[in-house]
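Below: one structure, written as structure tokens.
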Amino acid sequence: MVKKIFFLIFSFVNLFNFHFKIRIIGNIFDKIRMKLLVLSGAKIGKNSVIHAGVFILNPNNLIIKENSSIGSDSKIFNYGKFIIGNNVDIGTDFYLNTNNHNFSDINYPISKQGGYQTDVEIKDDVWIGARVTILAKSNIESRVVLAAGTIVCSKLEAGNLYAGIPARKIKSIN
């Protein structure tokens, strides 16, 4: 019950975005939001921040390691665990969904077959551009760059730049 109250307070504080207008106040609000998220059940490492306007479905399923950030106005539907490594920079309007529908029974409506959730992990040293979408069963290895607007629905190998729908390797960055 206490975690839910802290999450409710987080949701209220999260409505205010001073980050780009009055930087000092924005930084204070960032710290307050991070503390409230931890009290709500999230695990957040040193120097990591989630900017204003980020929707988080389940703080208990959120793990962010050190020196990572999630840009403003992102949506995180983390039915399963969402793990972010060290030194990960996620741009604005990011979208993540760890849930998907079952549709194997042809004699039963898809909308009634329920769903399943998976864990999604982003390893260390990853840069994710604005408006990237990551779907269930995706995993991103270390040292990856995702171009703006990319949709990820599989595992991405380390040391590469990916772009497109679905994400495809553009070039090696090592």
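In table form, for the structure just shown:
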item	result
Residue ID - surrounded by the fewest Cβ atoms within 10 Å (Cβ to Cβ), chosen from residues in segment 98-128 that are without any contact (Cβ under 8 Å) to a residue 24 or more places away in the chain and charged (D, E, K, R)	112
Condition met for residue 29 (more than 18 Å from the chain's Cα centre (by Cα) and either part of a loop (DSSP other than H, G, I, E, B) or surrounded by fewer than 18 Cβ atoms within 10 Å (Cβ to Cβ) (or both))	no
Restricting segment 20-36 to residues that are among the basic types (Lys, Arg) and modelled with pLDDT under 85, the residue that is nearest to residue 69 (Cα to Cα)	23
Residues of segment 70-83 satisfying the condition of being in a strand (DSSP E or B), surrounded by 17 or more Cβ atoms within 10 Å (Cβ to Cβ) and not aliphatic (A, V, I, L, M)	77, 82
Conditions (1) closer than 25 Å to residue 142 by Cα; (2) touching an Asp or Glu at 6+ places or on another chain (Cβ under 6 Å); number of the one not met by residue 79	(2)
Cβ pairs under 8 Å, 6+ apart, first in segment 6-17 and within 13 Å of residue 73 (Cβ to Cβ), second modelled with pLDDT under 80 and of a type in the set (A, V, I, L, M)	none
Residue match in segment 98-119 (condition: aliphatic (A, V, I, L, M), out of contact with any Cys (no Cβ under 7 Å at 6 or more places or on another chain) and at pLDDT 95 or above)	no
Only listed residue being surrounded by 13 or more Cβ atoms within 10 Å (Cβ to Cβ), modelled with pLDDT of 95 or more, on the phi < 0 side of the Ramachandran plot and in a loop (DSSP other than H, G, I, E, B), chosen from 86, 60, 17, 67	86
Positions within segment 37-47 being at pLDDT 95 or above and crowded, with 21+ Cβ neighbours inside 10 Å, in sequence order	42, 44
Residue identified as at pLDDT below 95 and either assigned to a strand (DSSP E or B) or surrounded by fewer than 19 Cβ atoms within 10 Å (Cβ to Cβ) (or both) among 169, 137	137
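The values are calculated or read from the model by the stated rules, or taken from the named source; none is laboratory data. Bear in mind that the values here come from a model prediction, so they are computed numbers and not experimental data. When we count neighbours, we look across all protein chains shown, and the Cβ atoms used for this are built from the backbone with ideal geometry, even at glycine.
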